[in-house]
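Some notes on the structure that comes next.
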Amino acid sequence: MNTIVANSYNELQKLVTRRVTKLFFGVALSIPFIVKLVVNKLFITDWMALPSENINFSILDLFITIILPLFIFIAATYLFTGESERGTLLIVRPISRIELYLTKTAAISIIIMFQLLMTWLSIIISSVLFDQSFHFSSLLTSLAASLLSWVPLIVLTSLAIVLALLVNSSVLAISSMIFLYLLMFVLPYLFPNVMYLLPSSYLDWYMQWFRNMSIQWLIQTFTYLCSSFALYFCTGYFIFSKKEV
């Protein structure tokens, strides 16, 4: 357990010290303020007429569908494809491969959680400053939405890691991830039946908890997300365990 904690901290340090990670943290803190400021200063009436909670969910959707997936692709490429290119992925260390794979996955997931929490905090502060319709009663609702969004993003992380392990070029890895991600949004228009088989269809999973959805449907979607994560995680580890030093 000590080696897992220590290496998780090491992998987190690798990501946190990178400029691109700091940039995404800055985006998480600034975008809500920029959106609220633009809406108020430019008097965008269509948005100003919406309840504060609706605008906040729109900002959250921006992060969970565009900004955070992009960070996931960059982080997975850096920790797996990038280290493989540099020859530092499987250097001799007092940790097993499953522990190394687990800690790298955990590091990305933890930073995603931090970014979600930073986005939530920024949304709340900007709402207090700029939204006259904001009520503190929505504070827990928006926090729950951010926490629930973490689940499908972890699934997307595990899929991104699989793709990162399949290629030996960082450029090709990110390109293939972005292409596949965009394809996931196009396919349901061409083949509607595949919609609920794609991880991208569950990025707005939090919305199901605030609608009149049946408990059975929530259990089914949660089971699908857990099953998808297990499938991608095990597939990724199988590929990782076969890599040569």
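The values are calculated or read from the model by the stated rules, or taken from the named source; none is laboratory data. Remember, predicted model here, so these are calculated numbers, not experimental data. Cβ placement follows ideal geometry from the backbone for every residue including glycine, while neighbour counts extend to all protein chains displayed. When the accessible area is computed, the model is the full protein with side chains, heavy atoms only, and any ligands, DNA or RNA have been set aside. Shrake-Rupley method; radii C 1.70, N 1.55, O 1.52, S 1.80 Å.
In whole percent, and with a 1.4 Å probe on the protein chains, what portion of the accessible area of segment 99-214 is carbon and sulfur?
Numbers: 4100 of 5550 Å².
Answer for segment 99-214 is 74 percent, counting heavy atoms of protein chains only.
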Any chance you could get the radius of gyration and Dmax over the Cα atoms of segment 108-245, in Å?
17.7, 59
Where does helix 2-16 land angle-wise versus the long Cα axis of the chain, in degrees 0 to 90, nearest 10?
60 degrees
What per residue convex hull volume, in Å³, do the alpha-carbon atoms of segment 3-241 yield?
146 Å³
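Counting each DSSP H run of 4 or more residues in the chain as -39500 (n - 2.57), what helix-only mean residue ellipticity at 222 nm follows after dividing by all residues, to the nearest 500 deg cm²/dmol?
Values: 10 runs with 177 residues, N = 245.
When only DSSP H runs of four or more count, the value is -24500 deg cm²/dmol.
With contacts defined as alpha carbon pairs under 8 Å and 6 or more residues apart, what's the relative contact order of the chain in percent? Before the final figure, lay out the partial values.
On the way: 227 pairs, mean separation 67.7, N = 245.
It rounds to 28 percent for the chain.
Heavy-atom accessible area per residue, the chain, 1.4 Å probe: how many Å²? Write out the running numbers ahead of the final one.
Working: 12760 Å² over 245 residues.
Value returned for the chain: 52 Å² of accessible area per residue.
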Using alpha carbons only, how many angstrom separate the centre of segment 157-179 from the centre of segment 68-142?
17 Å
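Which order do peptides 5-16, 164-175 fall in by mean Cβ count within 10 Å, highest first?
On the way: 5-16: 16.1, 164-175: 17.7.
Top to bottom by mean Cβ count within 10 Å: 164-175, 5-16.
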With respect to the cross-link table entries LYS14/LYS36; LYS22/LYS243; LYS104/LYS242, which display a Cα-Cα separation exceeding 26 Å?
LYS14/LYS36; LYS22/LYS243
Dipole of the chain (Lys/Arg Cβ +1, Asp/Glu Cβ -1, origin at the Cα centre): which of PRO94, LEU147, VAL39 lies farthest to the positive side?
PRO94
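Evaluate E = 1/(1 + (r/R0)^6) for SER30 and ILE178, where r is the Cβ-Cβ distance and R0 equals 30 Å; express this FRET efficiency to the nearest 0.05. Intermediate values should be presented prior to the final figure.
Working: r = 23 Å, r/R0 = 0.77.
E(calc), rounded to 0.05, equals 0.80.
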Might you report the magnitude of the Cβ-based charge dipole of segment 3-241 about its Cα centre, with Lys and Arg at +1 and Asp and Glu at -1, to the nearest 20 debye?
500 debye
